[in-house]
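One structure below.
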Amino acid sequence: MPDAKRPAEFAELLSLWAEVDDLENVMSILNWDEQTKMPKGGAEARADHKATVQRILHQKLSSPRIGRLLESLASYQAEIPYDSDEAGMLRATRRAYDRATKVPEALVIEMSRTGSNGFNTWLRAREAKDFSLFAGDLERIVDVMVKVAGALGYDRTPMDALLDQREPGMKVADLEQLFGDLRGRLVPLAKKIFERVDAADSGAIHQAYDIPGQWKAGLMAVRSIGFNLDEYGRADTSVHPFSTTFSPQDVRITTRFMENYLPASLFAFLHEAGHGQYMQGIPVRFRRTPISKQCSAGFSESQSRMWENLVGRSREFSKYLLPRLREIFPRQLSAVDVETWYRAVNRVRPSFIRVEADEVTYNLHIMLRFELEKDVLAGRVRVKDLAGAWNAKFKEYLGIEPPNDLVGVLQDIHWSRQFGASFQGYTLGNVISAQLFQAALPVNPSMPEQLEQGNCSALLEWTRKNVHAHGSKFVPQELIVKATGKPLSTEPYLNYIESKYRDIYGL
């Protein structure tokens, strides 16, 4: 990105950051391999690999030279436009440098090792459906994260420090207000739906769907929404679906399959492809710079939830999707019409698994996890008692109790790596997705009709221009205003949910 107006110090800063970005991507490759291809016996060596890379990465990121360059570039930053790439790069570098210099190298290495060990213990605990096998590792992970929060500093709760790493500028108090707004309208809606005779027949989606057919269906779906799978993407399987990027031209997604439940893989494909589109949409010129990643966890989830739910589960897109699914599964779907499919994939009911939860109850799963994280970090719940606390809160929120730890406290991968501020991005993503969609619609009034034809280009181009194109140049509060003209609000999301499900359930 040569520019004669840039000071020599800026060029040096970018040169140093290029190595930071390379190492971050190397770490992502190691994590991707660990979750997709690595044999079980490689766990110990992989922990060593990751700890070494993490140590070198931290050393480069916390280099005093970066600090001196930032100081020397302060006057340059004050002179250039706030919206410029250069100003965004300097702000992002300052945030990352400040965090890195606060956390000691030994603690960074300890965090890497506990995460590697925790992931592999979590896998074994899942196989046994026994949280107690994982509890010891999780205690060590929690202890490390408390130390990290203390090093970063906070006023009210350790969660504030951990949250700022994922959602820059956001506080736990902000989330508590947001969750309160959602709870006030979603809980009554869910109760009304639960009281009614189920208006959605799920028999169409609970049949035998062979895995090769599900692969074909999933790849068809992600290509239809615009994820570039042939040149810049790859799909694999993993225990827990995820996406990762090594550059805008190398983006990986994964899914998992259930032979008697097609939506598990189909909507995981769409969800992860939504993440992947964000990654593929970040300008190539940002590669190896401080703004080469997504704005925040919440904004990343806004893209996955938009394509999974606002598009993938819409009545309009169902008109395009179902005929193509019938071609792959004629025996299962030949007699299923669009309205039956639409109601089946939007059926509301209490369920154990977060990634398979309907839109009405999904955020209750996130609130449950958020509150448990706060309780553990505050010492109100001991890690060894977490499974019981999970089950009790699940009963309180959803009226059902998990029959075992596999569909309870062990279902998510997140706590096997780190603990604290792990899940709120999903709810933020839900809220942001509706606000973005609402802003895109007046620009493209024919978008619903286009989705019926499988033409997703208008929505993708709008998000490319208004979200992806900025990388991590702005913090979330800035980007939502820039994209929609308004601060973050729960109203578009709540209006979308209430309108959709009142229609489906005749409320």
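Tell me, please, whether a residue that is acidic (Asp, Glu), in contact (Cβ under 8 Å) with a residue 60 or more places away in the chain, outside the structural domain of GLN411 (by TED's automatic domain parsing) and surrounded by fewer than 17 Cβ atoms within 10 Å (Cβ to Cβ) can be found in region 131-146.
Within region 131-146, not a single residue is acidic (Asp, Glu), in contact (Cβ under 8 Å) with a residue 60 or more places away in the chain, outside the structural domain of GLN411 (by TED's automatic domain parsing) and surrounded by fewer than 17 Cβ atoms within 10 Å (Cβ to Cβ).
For TYR209, are the conditions met, namely being part of a loop (DSSP other than H, G, I, E, B), of a type in the set (Ser, Thr, Tyr) and over 30 Å from ARG331 (Cβ atoms)?
Here the answer is no, as TYR209 does not meet what is asked.
Of the numbered conditions (1) closer than 18 Å to ILE109 by Cα; (2) not in a helix (DSSP H, G or I), TYR82 satisfies every one except a single condition; which is it?
(1)
State all residues of region 19-77 that are over 26 Å from THR237 (Cβ atoms) and not in a helix (DSSP H, G or I); if no residue qualifies, say none.
Answer for region 19-77, where residues must be over 26 Å from THR237 (Cβ atoms) and not in a helix (DSSP H, G or I): SER62, SER63, LEU73.
If the requirement is being aromatic (Phe, Trp, Tyr) and either at pLDDT below 95 or out of contact with any Gly (no Cβ under 8 Å at 6 or more places or on another chain) (or both), which of these qualifies: PHE119, PHE134?
Of the residues listed, the single one that is aromatic (Phe, Trp, Tyr) and either at pLDDT below 95 or out of contact with any Gly (no Cβ under 8 Å at 6 or more places or on another chain) (or both) is PHE119.
Residue by residue through region 317-359, note down the ones that are under 26 Å from ASN495 (Cα atoms), touching a Leu at 6+ places or on another chain (Cβ under 6 Å) and touching a residue at least 24 places away in the same chain (Cβ under 8 Å).
Scanning region 317-359 gives PHE317, TRP341, PRO350.
Identify, please: which residue in region 330-362 is of a type in the set (Lys, Arg) and part of a helix (DSSP H, G or I) and is, among those, surrounded by the fewest Cβ atoms within 10 Å (Cβ to Cβ)?
ARG331
Does ARG185 qualify as being of a type in the set (D, E, K, R) and touching a Lys or Arg at 6+ places or on another chain (Cβ under 8 Å)?
Spelling it out, it is not the case that ARG185 is of a type in the set (D, E, K, R) and touching a Lys or Arg at 6+ places or on another chain (Cβ under 8 Å).
Check LYS482 against each of (1) in contact with a His (Cβ under 8 Å, 6 or more places away or on another chain); (2) buried (at least 19 other Cβ atoms within 10 Å of the Cβ); (3) not in a loop (DSSP other than H, G, I, E, B) and name the one condition it does not meet.
(2)
The values are calculated or read from the model by the stated rules, or taken from the named source; none is laboratory data. Since this is a predicted model, take the numbers as computed values, not measurements. Neighbour counts are summed over all protein chains in view; Cβ atoms, including those assigned to glycine, are modelled from backbone coordinates with ideal geometry.
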